[in-house]
Each structure stands twice: as C-alpha cells, then as structure tokens.
Amino acid sequence: METSIISDVHVAFVSHVFHSKKTPEELLEEYFTIVEWVTAIFQQGVKVSVIYRYSRNYQITKEGVHYYFIADKKATNSKSNPGVFYRDVKRLLTELEVNVVHLHNIRDIRTNIRLKRVFSKWPMVIQDHGSVFKRDSLKDQLLKPLLKQGLSHMDRIIFAAKGQEEHWIRNKIIRKEQCTFIMENSSSFRSMSRDACREITKLTGQPVFLWVGNLNTNKDPITVLGAFQKILQHYPQAKLYMIYRLNEMGNIVKQWISEHQLDKQVFLLGSKTREELKFYYNSADYFLSASHKEGSGYAAIEAMSCGVVPILTNIPSFVSLTDGGEVGALFDSGDSKMLCKKILEILEKPLPEEQSRVLAHFEKCFSAEAIAKQAIQMYQEVLTK
C-alpha cells in the first residue's frame, strides 16, 4: 500500500450503544478489542476516530486515536431513539473530514435503515459479531424484508470467517459481493517462558490442557471432559484446567468430574483477570474448545497468540483460525471420540515445532498488524469503487 493513499483514509467507528454509568476511561478498558483494532489501523498510517453515545460530551486521545463521547441528553438506555445522536455524529463526521464510516450490528434494523439516509454521503461498512439468520424462525422470516432493507446500502459487510455469511446470502438478505472476511479481533498477549509462568500459576501436568470459556451448553464442557478421560488412559500425567466466568453448568460439570473420579486430573479455576490470563495461557501446552458456535472465539485467539496449540470444533471461525485444521486440529461439535482421536494424533507431533507453527500462523494472519492491513485494504476498496 502506498503511504500517500493510506494517509487519505479517515475512518470513523460509530456506535449508538448508550453509556452513562462508567467513565470514558473505563469504557475504553472494557472495549479493549476495539481499542486494539483502531490503534493498529492508526499505526499503519490511517486516521481513525471513534464515536460513542454518552451522557455528556468528552474527548480522549489515546495512542494517536481520537475518541469522541457525544452527549445524548434524551437517552436513558441503548433502546432510546438515537436520532439526536446521529444528527450530531453527522455534523462531527463532516467537521473531521471522515471518508469511511465503520458500523456494528447487522441485525439493528431500525438504525441501519435510518443510516441509509443520514450517512448517505459516506461509504459504510458494517461488522457482524456472530449473528445468525434463522430460517426456521417465524420472527426472522417476518423481519427478512427489513433486514434486507437495512443492509442493502452497506458497501461491505464484515464477517470474521468464511461460512458465516452463507445463511444471509442463501436467504437473499445480502449479496455475495458485499461480503469480506476479517477476524473481529486480535490479541496483545505474547509467548512467554513456560517454566516462569508455571511458577506463577502452579499448573503442572504432562501435558497441560487448558479450557477458557463459560460452562454452558454452547461451549459444551462435557464433550471435552469425555475426551480427556480417554486421553488419561494413554497419558496418565495429563492435567486439564478450566477457567470460566459464567457457570450455568457448574453443578453438572462438578458432578461429572466426581462421578468419574477425576478430581486430581481436572481443576476448576473459576474466573481470572486479563492480567492473570496471560500467565495461564503461557502455562499450557494445548487449548481445547468444543463450542457449537462462535463469532470469532476470542479465547482461542488469545491462546494462539501465546503459542498454545489449538484443538477446536469444525465451525467457521475456528476453521479460519486453524487454516482448515492445518495448524492445531479440528473435530466435529459434540463428538467426544473424534476429539480424543485428534488429541492423540497431535500429541504424537513434537510440541516445540507445533508451538512455533501456531505462533508463525498467528503473526501472519491474526496479529493486530495483519488484521489492520486487511481492514485498510477493504476501506481503500470502498473508496475507489
């Protein structure tokens, strides 16, 4: 990309989700994935502004990116009519000489239809975050014409991985030429000394398996536990550590572990802070996820950024992350036997070589710099179409 062309691009990230209880600084901490995305784009030479709907006017500049918090005095929550907010945003976009608008939430019908008129002078891209159109849902069928109307004018619709767009195209809501594929986030974690990190976390095992994800039916911890139980027949020194924030299946998981007498092989660690997580990832050898669906799979991305070998389900985002299973391994959702087989296969490969392949693949395809370059190429395409 030529520097002169890149410097002509000014992207505005806009969200009408209303915030009032947290400070702007706390919100940037909460939305760290967006902060990392826009910072990486700025570091490639593109001007970036981020605009949020807030209870008062406020502005922050962080690592070169300008964050504008626009007051909406009439709003009480995110469902409040954002008409006044978008009127003020339109004025700000003109003042800032923005030439591409980056939006979120492809299912926000009312807003997406409204913005066809309000932002008519700017190219618009909109980012999906794991939404699904359910063909067998009466509600979705009734909403179909409005969803199509709200997305028809979008210059690009960003999906995290190829395959996530199929049901939208098949149901004639969006067009194939609108779609582009960019992972929705990266990870700022980096590989560190396993020995040093295990001194901190006290994780032991030969090998060490790690789970990071809520204990619910979508994440499917029982499939992982079933496979791990079989792995112990071949690798009796193996350990599985499970980190989670929400535990709606917590009692079921605890009962399963107790009934199968795995109390000394499976450890439920509960929630960990982001600062703590980087040490746990860097204490693990293999990362396990049995998710039936994911928008991207942020825990898997974090694990890979630390060189942890991923063993994941065969769903679009994980197919993308693993290059179709060439890096790490893939198994069918809910198939404990297949997961066990894939684990045994990958355990036969030298771990240092597999870790190096994971890190190289992450840096090439999913580092902040790699994702930023993909995004910039998309912005340039919509500006020259």
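The values are calculated or read from the model by the stated rules, or taken from the named source; none is laboratory data. All of these numbers come straight from a predicted model, not from anything done at the bench. As a convention, Cβ positions derive from the backbone with ideal geometry for all residues, glycine included, and neighbour counts pool all protein chains shown.
Table for the structure above
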read-out: Some residue of region 323-331 being surrounded by fewer than 17 Cβ atoms within 10 Å (Cβ to Cβ), assigned by TED's automatic domain parsing to the domain that holds M242 and touching a residue at least 60 places away in the same chain (Cβ under 8 Å); value: no
read-out: I222 of a type in the set (A, V, I, L, M, F, W, C), in a helix (DSSP H, G or I) and farther than 26 Å from D128 by Cα; value: yes
read-out: Selection within region 93-112 - crowded, with 16+ Cβ neighbours inside 10 Å and more than 27 Å from A161 (Cβ to Cβ); value: L93, V98, N99
read-out: Listing of helices (runs of 4 or more DSSP H) fully contained in region 20-102 that carry 3 or more residues being among the β-branched types (V, I, T); value: 32-43, 83-96
read-out: Yes/no for T111 being hydroxyl-bearing (S, T, Y), within 25 Å of I158 (Cα to Cα) and either modelled with pLDDT under 95 or within 28 Å of the chain's Cα centre (by Cα) (or both); value: yes
read-out: Residue pairs meeting the criteria (Cβ under 7 Å; at least 6 apart or on separate chains; first without any contact (Cβ under 8 Å) to a residue 12 or more places away in the chain, in region 137-159; second buried (at least 17 other Cβ atoms within 10 Å of the Cβ)); value: D140/F133
read-out: Conditions (1) more than 30 Å from C365 (Cβ to Cβ); (2) buried (at least 20 other Cβ atoms within 10 Å of the Cβ): number failed by G83; value: (2)
read-out: Residues within region 231-250 that are surrounded by 18 or more Cβ atoms within 10 Å (Cβ to Cβ) and modelled with pLDDT under 95, tallied; value: 1
read-out: Strands (runs of 3 or more DSSP E) within region 269-385 that include 1 or more residues at pLDDT 95 or above and touching a Ser or Thr at 6+ places or on another chain (Cβ under 7 Å); value: 309-313, 329-331
